[in-house]
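Beneath this line is the structure, given in structure tokens, with notes to follow.
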Amino acid sequence: MESQRPSRTAEGAAALRVWHTLLDDPPHVFDDSIVRSMLSGPTRLMLHAPPSMVRHAIRARETVQPELAALRGQVVLRSRFAEDALDAALAAGCHQVVILAAGLDTTAQRRPELARAGAILEVDHPATQAWKRERLPADLSAAVRYVAVDFERDVLDERLAEAGLRSDAPMFVNWLGCTYYLEPEAVTATFEALGRMAAPGSEIVLDHWLPEPGLNWRPRLLLAGVRFALALQQEPLRCLMTAGELAEHAAAGGWQVAEELDAKAQRERWLAGRNDSLALPDFAHLTRLVRA
Ligand SMILES: C[S@@+](CC[C@H](N)C(=O)[O-])C[C@H]1O[C@@H](n2cnc3c(N)ncnc32)[C@H](O)[C@@H]1O
């Protein structure tokens with residue numbers, strides 16, 4: 001992200017999470033209706049539960065042309081993956097939660113007791129973070145610890161230490177919707193910085209997108225469209241990685257792959273048996289890393 005304006009993709013991802021609750025059938029893979037209050041006026045205006053005939057028509061269209069449903073799916077499935085891993089980490093006694101590239105992440109709103117205990121640190125590009133903080137209720141905004149960082153320029157671990165993150169206790173890191181916007185060197189540098197702060201038992205959950213070679217024509221076409229749209233929004237795609245390449249970047253910081261879900265595994269876990277049009281592109285990949 002080179003611009004000094006807030007990330008548009010942060011609002012786009014949040015809108016897709018709301019759209020999932022309006023269009024797709026319950027049970028929802030991830031219910032983030034609460035994020036609606038943080039969306040800008042024009043985006044909020046566009047999000048209304050469609051009447052049943054319109055809903056039917058959209059779904060029929062998405063069944064033959066699943067691109068929007070697939071983009072919606074990759075946003076809600078990655079959030080669900082992170083939420084399940086967070087539940088497990090908290091149950092295991094972890095009490096430091098770092099949300100990297102937070103955008104309009106609502107962990108603090110959905111778990112206010114965690115925020116008020118000072119357990120949540122949100123890290124984001126300065127412009128996006130300032131814009132988000134204006135949208136939060138004042139008491140929560142005061143409780144969350146904010147760290148303004150540009151992953152391409154700043155030394156993340158120094159900033160986390162200044163914000164009070166402890167390196168003698170495990171941390172849970174949520175890093176969603178971001179790796180593909182960074183230069184590969186910044187991805188490695190982020191794993192290294194987190195590695196320098198990580199006590200044994202720490203975890204990172206993240207998503208990454210697979211490069212074009214190896215994908216068939218349909219996800220390639222979608223990726224080409226997404227690449228074009230993101231370039232127009234000045235948030236170009238910079239780093240697509242295979243699972244092996246991601247594991248190499250992570251290993252530079254001492255992180256090991258504990259769980260890896262390709263698109264097929266994600267569909268089996270969260271989309272099997274659904275009767276709506278929610279879908280997932282083949283390039284969407286989820287990983288959980290651990291520090292031994
Ligand atoms: C698509 S949003 C994802 C937001 C959120 N994690 C989610 O899943 O909805 C991308 C996020 O990456 C952040 N980002 C992109 N490039 C960055 C950089 N160089 N430094 C810090 N944050 C960056 C943006 O500010 C934005 O919050």
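The values are calculated or read from the model by the stated rules, or taken from the named source; none is laboratory data. Please read these numbers as outputs of a predicted model, since none were measured by experiment. Note: ideal-geometry Cβ built from the backbone for every residue, glycine included; neighbour counts use all protein chains shown. Each accessible area value is taken on the protein alone, full model and side chains, heavy atoms only, with ligands, DNA and RNA left out. Shrake-Rupley method; radii C 1.70, N 1.55, O 1.52, S 1.80 Å.
Observations
- For region 101-123, the criterion of being in contact with a Cys (Cβ under 7 Å, 6 or more places away or on another chain) and within 29 Å of Tyr181 (Cα to Cα) is met by at least one residue.
- Region 1-24 residues that are on the phi > 0 side of the Ramachandran plot, paired with ones that are at pLDDT 95 or above and of a type in the set (Val, Ile, Thr) (beta carbon under 6 Å, 6 or more apart): none
- Looking only at residues in region 164-192 that are part of a helix (DSSP H, G or I) and more than 12 Å from the ligand (Cβ to nearest atom), the one that is nearest to Ile99 (Cα to Cα) is Phe191.
- Qualifying residue in region 75-87 (condition: more than 20 Å from Glu162 (Cβ to Cβ) and without any contact (Cβ under 8 Å) to a residue 40 or more places away in the chain): yes
- Selection over region 206-237 of residues that are within 16 Å of the ligand (Cβ to nearest atom) and charged (D, E, K, R) gives a count of 3.
- Selection over region 219-256 of residues that are free of Cβ contacts under 8 Å to residues at least 24 places away in the same chain and in contact with a helix residue (DSSP H, G or I) (Cβ under 7 Å, 6 or more places away or on another chain) gives a count of 0.
- Residue within region 39-59 that is out of contact with any Phe, Trp or Tyr (no Cβ under 6 Å at 6 or more places or on another chain), open to solvent by less than 40 Å² (accessible area, probe 1.4 Å), within 13 Å of the ligand (Cβ to nearest atom) and among the aliphatic types (A, V, I, L, M) present: yes
- Subset tally (residues that are within 15 Å of the ligand (Cβ to nearest atom) and over 17 Å from Ala13 (Cα atoms)) for region 90-107: 2
- Within region 109-129, if we keep just the residues that are more than 13 Å from the ligand (Cβ to nearest atom) and closer than 22 Å to Ala161 by Cβ, the residue that is most open to solvent (accessible area, probe 1.4 Å) turns out to be Ala117.
- Test: residue in region 154-163 that is among the hydrophobic types (A, V, I, L, M, F, W, C), open to solvent by less than 20 Å² (accessible area, probe 1.4 Å) and away from the ligand (no atom under 16 Å from the Cβ): no
- Where a residue in region 271-292 is in contact (Cβ under 8 Å) with a residue 24 or more places away in the chain and assigned to a loop (DSSP other than H, G, I, E, B) and its partner, wherever it lies, is open to solvent by 10 Å² or more (accessible area, probe 1.4 Å) and of a type in the set (Lys, Arg), with Cβ under 6 Å and at least six apart: Ser277/Arg59; Leu280/Arg267
- Any pair with Cβ under 6 angstrom, 6 or more apart, that starts in region 31-44 at a residue that is in contact (Cβ under 8 Å) with a residue 24 or more places away in the chain and ends at one that is part of a loop (DSSP other than H, G, I, E, B): Asp32/Thr106; Ile34/Thr106; Val35/Leu104; Val35/Thr106; Met38/Leu104; Met38/Arg135
- Conditions (1) of a type outside the set (Gly, Ala, Ser); (2) modelled with pLDDT of 95 or more; (3) surrounded by fewer than 13 Cβ atoms within 10 Å (Cβ to Cβ): number failed by Glu259: (3)
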